[in-house]
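Below is one structure, written out as structure tokens, with a few remarks after it.
Rule-based calculations on the coordinates, nothing more; no lab input. Since the model is a prediction, treat every value here as computed from it, not as a measurement. For neighbour counting, all protein chains shown are included, and Cβ atoms are generated from backbone atoms with ideal geometry for every residue, glycine included.
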Amino acid sequence: MRPRVLVDLPISPVVVELLGGRVELVPWDYPGAVDAIYTYGHPIVDAALMDRSPNLQVISNFGVGVDHIDLNAANARGIPVGNTPGILDGATADMAFALLLAAGRRVVEGDRYARSPQFTRYDPSIMLGREVHSSTLGIFGMGRIGRQVALRAAGFGMKVLYHNRNRNDEAEVVLKATYASKEELLTTADYIVLTMPLTPETRGYIGQAELAQMKPTAVLVNVARGAVVDTEALTEALQDRRIFAAALDVTDPEPLPRDHPLLQLDNVIITPHLGSATEETRRRMAVVSVENLFAGLAGSELPHRVV
Ligand code: 8YV
């Protein structure tokens, strides 16, 4: 009998192809026991779900962030959890930069205007943005993705500040990034990029107080998880134009309710969680997540294990 795998369908044809019919995929509302769980789009995996399957051998996540999986519960039950680190950093940093540039230089707003009936005469006095080159970038979370963002910033002649749980010697020496306190980064950066994981410590990391400390000309870019930012506080700050703009690849909740006030604002750009969304990166993620799945089902060590 093929191992039974619980999965939040639909999944990409690439994953289906890599699975090669060697497992039986069952939908998320399947009530019975399974041999493995494959998470594709961040469905919640809690202790109760794990306990439904006494022989659960592995939880394999398509992606690096595992905040939707109760790692303590998995660890306590000896269930290995796999993820896909180190292969999506470049794509996610590219996206962070795309958002940074688009928000600073009002690219999306400009596109909307250029297509609208209102654009009938060129006017050099409109839609002035913020300089990107030579500005100061602040990165919260100098991990693998943060490092890639800093690399790109060098090409724009930006000064790079970072704040992290631990100092990152490599970033300081090789990338010339300067460690800053949270307050120093918030008050001095022109662009703030969030790349940290969502943990109990980082939930609501950017709230009313932090937004109040940012420069009125600053741009906030979030490619981490929506919940590291307090959505209501950000909405108010943007409505009151207390910062220049925000660019969000992730939101809390995700997606936002279709009538959320944030969706009405012209000083925010929102993309539908596209950080790793390139053909090449998503294929690599599929390969690694399927390798983790099969290793777990075979009782072998996962190539990339979180717990
Ligand atoms: C994926 C991500 O799009 O890796 C992550 O943590 O958020 C993204 O790369 C996602 O995991 C797929 O659902």
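Suppose a student asked you for the relative contact order of the range 1-78, using Cα pairs under 8 Å spaced at least 6 residues apart; what percent would you report?
Computed value for the range 1-78: 31 percent relative contact order.
Hey, which aspartates and glutamates would be in cross-link range of K215, C-alpha to C-alpha under 13 Å, not counting anything within fewer than 8 residues on its own chain?
E183, E184, D190
Once each part is reduced to its C-alpha centroid, what is the distance from the range 18-37 to the range 277-307 in angstrom?
16
Where is the GNM fluctuation largest for the chain (alpha-carbon springs, 10 angstrom cutoff): V81, V290, V173?
V173
Taking Rh as the Kirkwood radius computed over C-alpha pairs, what is the Stokes-Einstein D of the range 79-147 at 10 °C in a medium of viscosity 1.306 mPa s, expressed in µm² per second?
105
Just to be sure I understand the curve: with the Debye formula and one point per C-alpha of the range 89-270, what is log10 I(q)/I(0) at q = 0.11, 0.20 Å⁻¹?
Computed log10 I(q)/I(0) values: -0.45, -1.43.
Tell me the GluC sites (Glu not before Pro) within the range 68-174 that lie in a loop according to DSSP and have at most 15 other beta-carbon atoms within 10 Å.
Passing sites in the range 68-174 are E131.
Kirkwood hydrodynamic radius for the chain: how many Å is it when counted over pairs of different Cα atoms?
20.8
What order do you get for 116-128, 231-243 when each peptide is scored by the mean count of other beta carbon atoms within 10 Å, highest first?
For the peptides 116-128, 231-243, the packing ranking is 231-243, 116-128.
With charges set only on the Cβ (+1 for Lys and Arg, -1 for Asp and Glu), what does the dipole of the range 190-272 come to about its Cα centre, in debye to the nearest 20?
Rounded to the nearest 20 debye, it is 120 debye.
What order, most packed first, do the peptides 251-260, 292-301 have when packing is the mean number of other Cβ atoms within 10 Å of each residue?
Output ranking for 251-260, 292-301: 292-301, 251-260.
If amide H atoms are built 1.01 Å from N in the plane of the peptide, which residues on other chains or at least 5 residues away come under 5 Å of the amide H of T178?
The list, which skips near neighbours in sequence, is V160, L161, Y162.
Over the range 12-132, what portion of Cα pair distances is larger than 20 Å, expressed as a whole percent?
Of the Cα pairs, 61 percent sit more than 20 Å apart.
Considering the Cα positions of the range 174-242, please state its Rg to one decimal place and its Dmax as a whole number of Å.
Both quantities, over Cα of the range 174-242: 12.0, 39 Å.
Over the chain, calculate the relative contact order: mean separation of alpha carbon pairs under 8 Å at least 6 apart, over the residue count, as a percent.
After rounding, I find 20 percent.
In the range 1-69, with Lys and Arg counted as +1 and Asp and Glu as -1 at Cβ, which of these residues, P10, P43, Q57, has the Cα nearest the positive end of the dipole, that is, farthest along it?
Of the listed residues, the answer is Q57.
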